[in-house]
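Novice: Starting off with a structure, shown below.
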Amino acid sequence: MDERQALAAFVGLGQEHRLRLVRSLVTAGPDGMASGALAAAVGVSASSVSFHLKELEHAGLVRSRRDGRSIIYSADFPALSGLIAFLMRDCCQGRPEVCAPALAALSACCIPLGDTAHA
């Protein structure tokens, strides 16, 4: 991810409903959610959620696909990973303890369900 892409991503995330939408889609995982379910989850109207999802698609953070009569939205996990990598690139300057809290937070969120050996 380059600086221009990161700026577009931050513009996309810089509104409370859009941030909530991305977080809901991250929680939903790769299967995603229908726009109606997203509207209910975030507490906005269907027309408002449609506008915000288009902005997030334009920012490259969300993907959509048609499933019958529904449009299913999902987080673009490679793009979100790229944004995190862009922010954290060269963070420690040879001092890994600087990055350790961020790495621990990311590692903790990726523990498979039912895996309590690491929790």
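Novice: With respect to Ser35, is the statement that it is buried (at least 16 other Cβ atoms within 10 Å of the Cβ) and more than 29 Å from Asp2 (Cα to Cα) true?
Specialist: yes
Novice: Exactly one condition in (1) free of Cβ contacts under 8 Å to residues at least 40 places away in the same chain; (2) surrounded by 13 or more Cβ atoms within 10 Å (Cβ to Cβ) is false for Gln5; which is it?
Specialist: The failed condition is (1).
Novice: Phe86 passes all but one of (1) closer than 18 Å to Leu106 by Cβ; (2) under 10 Å from the mean Cα position of the chain (by Cα); (3) in contact (Cβ under 8 Å) with a residue 40 or more places away in the chain; which number fails?
Specialist: Status for Phe86: all satisfied but (2).
Novice: So which residues in the range 1-14 are out of contact with any helix residue (DSSP H, G or I) (no Cβ under 7 Å at 6 or more places or on another chain) and not aromatic (Phe, Trp, Tyr)?
Specialist: Answer for the range 1-14, where residues must be out of contact with any helix residue (DSSP H, G or I) (no Cβ under 7 Å at 6 or more places or on another chain) and not aromatic (Phe, Trp, Tyr): Asp2, Glu3, Arg4, Gln5, Leu7, Ala8, Val11, Gly14.
Novice: Okay, moving on. Looking at (1) under 22 Å from Leu7 (Cβ atoms); (2) modelled with pLDDT of 95 or more, which is the one condition that is false for Ser81?
Specialist: (2)
Novice: Right, next: From Ser35, Ser24, Ser64, grab the single residue that is of a type in the set (Gly, Ala, Ser), touching a helix residue (DSSP H, G or I) at 6+ places or on another chain (Cβ under 6 Å) and at pLDDT 95 or above.
Specialist: Only one candidate qualifies: Ser24.
Novice: For His52, work out the one condition from (1) in a helix (DSSP H, G or I); (2) surrounded by fewer than 14 Cβ atoms within 10 Å (Cβ to Cβ) it doesn't fulfil.
Specialist: Only one criterion in (1) in a helix (DSSP H, G or I); (2) surrounded by fewer than 14 Cβ atoms within 10 Å (Cβ to Cβ) is unmet by His52, namely (2).
Novice: I'd like the full set of residues that are basic (Lys, Arg) and closer than 17 Å to Leu83 by Cα, limited to the range 21-58.
Specialist: Arg23
The values are calculated or read from the model by the stated rules, or taken from the named source; none is laboratory data. Computed from a predicted model, the values in this text were never measured in an experiment. Positions of Cβ are generated from backbone atoms using ideal geometry, with glycine treated the same way; all protein chains shown enter the neighbour counts.
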